[in-house]
Structure formats: structure tokens, C-alpha cells
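A quick write-up on the structure given underneath.
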Amino acid sequence: MTPPIFPIVAASAAAQAALGTAPMRFFPFGAAPQSVALPYAVWQVVDGAPENYLGNLPDADVCTVQVDVYAAEPDSAAAATLALRDAIEPHAHITLWLGSERDDATGRWRTTFRLDWIVQR
């Protein structure tokens, strides 16, 4: 039920340019290092369900994934978000743009979006 989001993003030249390569600053939720360079992004599965059929076992799972991009400036957050969008859209459907906001405590900008990914079993 885990989509192959990291290898898809890591293979994108635009995502590499936005988020680096050694390591790529695209982490599972809660796994970003404390002092990670900006911009960076995190992802997590927030919902999902098997594709159920009458008389047959499911052959796929649908996962809803949330991606959060953090940056020092809104333009940097937007650029990283566009790079992620372009890497992901050939493989999954972006279903919701949740907007951007500035965190008062850290001063970092965050852009959030969600996507649905069908993961074949």
C-alpha cells in the first residue's frame, strides 16, 4: 500500500535541481533531519483502500498521499512544488491543492498538496 513516490521523484531532473541529490531532501513524514537545508519536502500516506471486487481479490490499493514542501521563501516553495508536481503527475493524480502558509514559529513557508496513487499488487 506504499506508492513508489520516492524513486519517481528521485528520477526527476527538476526535482533533483529543487531538492538536491546527496541526499535528496524528500523524506517520509517525520524523517527529515533537524537541520536539513531548505527547500525540502515530506510525504505521508493519509488514506487508502483496496480496490475490492465481488468474487475476486483486490489487485490494487488506492493511496492518498500528502506532500508538504518547506522553504525559506514563497518562490522557492512554489518552484519545488512545481518540480514535484511534474515528477508525480505522470504516475498519480493530484486531487487537492491545500495552499501555502508561513509558519510563525520557524518563518518557513509550507505548500501542501494531496494526490491519489493506484498501487498495483
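Here are a few things to note about the model shown:
- Within segment 109-121, restricting attention to residues that are of a type in the set (Lys, Arg) and under 17 Å from PHE26 (Cα atoms), the residue that is surrounded by the most Cβ atoms within 10 Å (Cβ to Cβ) is ARG110.
- Of note, LEU38 does not satisfy the criterion of being over 17 Å from TRP117 (Cα atoms) and under 13 Å from the mean Cα position of the chain (by Cα).
- Residue check, THR112 in a strand (DSSP E or B), among the β-branched types (Val, Ile, Thr) and more than 14 Å from VAL42 (Cβ to Cβ): no
- Of all residues in segment 9-25, those satisfying the criterion of being touching a residue at least 12 places away in the same chain (Cβ under 8 Å) and either surrounded by fewer than 17 Cβ atoms within 10 Å (Cβ to Cβ) or under 12 Å from ALA83 (Cα atoms) (or both) are VAL9, ALA10, ALA11, SER12, ALA14, ALA15, ALA17, ALA18, LEU19, GLY20.
- Residue within segment 15-35 that is of a type outside the set (A, V, I, L, M, F, W, C) and in contact with a Cys (Cβ under 7 Å, 6 or more places away or on another chain) present: no
- Any hit, segment 62-70, residues being more than 11 Å from the chain's Cα centre (by Cα) and closer than 13 Å to THR112 by Cα: yes
- Where a residue in segment 85-108 is at positive phi and surrounded by 13 or more Cβ atoms within 10 Å (Cβ to Cβ) and its partner, wherever it lies, is not in a strand (DSSP E or B) and not small (Gly, Ala, Ser), with Cβ under 6 Å and at least six apart: none
- For TYR53, the stated conditions hold: it is more than 13 Å from the chain's Cα centre (by Cα), over 21 Å from HIS93 (Cα atoms) and either surrounded by 17 or more Cβ atoms within 10 Å (Cβ to Cβ) or not basic (Lys, Arg) (or both).
Values quoted throughout were computed directly from the atomic coordinates according to the rules given, and no laboratory measurement underlies them. This is a predicted model, so every value here is computed, not measured. FYI the Cβ positions are ideal-geometry reconstructions off the backbone, even for glycines, and counts take in every protein chain you see.
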